[in-house]
């Protein structure tokens, strides 16, 4: 593999990895928000 | 029933994502001039398409909120939840576009960024919607939703400008893949299929996270309303 091909491969892997990190990171954030809402609801119910 | 439907949809979405990835990396042939780095296109373009769609949902939600906020407050809250969800998920996809684009550009053009019309208008679009989210997050008071709705409508006006930018002006950004004249379009049927599968997969994924975001926001609105009523009763 020449240097250009290696760089092309690395940039492609970086693009796919970053995309998935952003999407899954956002999904995790939504999950935490969801849990926080449920916790608040339980606390209000207990009051 | 609702839970099992949601789980089935999520399972189909994950299967589509895996299939789309397989098509983009292993099935689609390597492009002759850009070689492997062209595969970024299979994530970059569908992300842009989904971002535009969700900004359009935010636009409809914002208009609906402004139209119904006086006479139908419950409906207005529903519209507001769609506006916020569309803007937030749209920003996530637009962020992907603004990161994968320069990664491709560095290899194809030799530069990370250039201030051409397509790139600049996309960055402005992203900044407008980030400011929308900051307004929603940090401002307080009864007018926040109205101000955000107005900002959301102005932000959406940038979407057709972004779309038309490489038709109206000469840009460094490649010519439109679709609808850009007789030479546009993907000629290789295998590449076209890989592109189509990835559009479908990212659209399904986008709808999945949009629906979760909408659900979380509606619950938040419900609890905020209950809390406000409790505060009013405690005040009496």
In the range B:198-209, which residues are crowded, with 22+ Cβ neighbours inside 10 Å and more than 10 Å from every other protein chain (Cβ to nearest Cβ)?
-> B:198, B:201
Considering each of B:107, B:39 in turn, give the residue that is within 11 Å of chain A (Cβ to nearest Cβ), more than 23 Å from residue B:200 (Cα to Cα) and either touching a helix residue (DSSP H, G or I) at 6+ places or on another chain (Cβ under 6 Å) or modelled with pLDDT of 95 or more (or both).
-> B:107
State yes or no: is residue B:228 more than 12 Å from chain A (Cβ to nearest Cβ) and farther than 30 Å from residue B:16 by Cβ?
-> yes
Which number in (1) without any contact (Cβ under 8 Å) to a residue 12 or more places away in the chain; (2) at the interface with chain A (Cβ under 10 Å from one of its Cβ atoms) marks the one condition that residue B:34 misses?
-> (1)
Using the structure shown, decide if residue B:132 is part of a helix (DSSP H, G or I) and under 15 Å from residue B:83 (Cβ atoms).
-> yes
Scan the range B:33-54 for residues that are crowded, with 24+ Cβ neighbours inside 10 Å and within 20 Å of residue B:130 (Cβ to Cβ) and report the count.
-> 4
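The values are calculated or read from the model by the stated rules, or taken from the named source; none is laboratory data. Keep in mind the model is a prediction, meaning the values are calculated, not measured. FYI the Cβ positions are ideal-geometry reconstructions off the backbone, even for glycines, and counts take in every protein chain you see.
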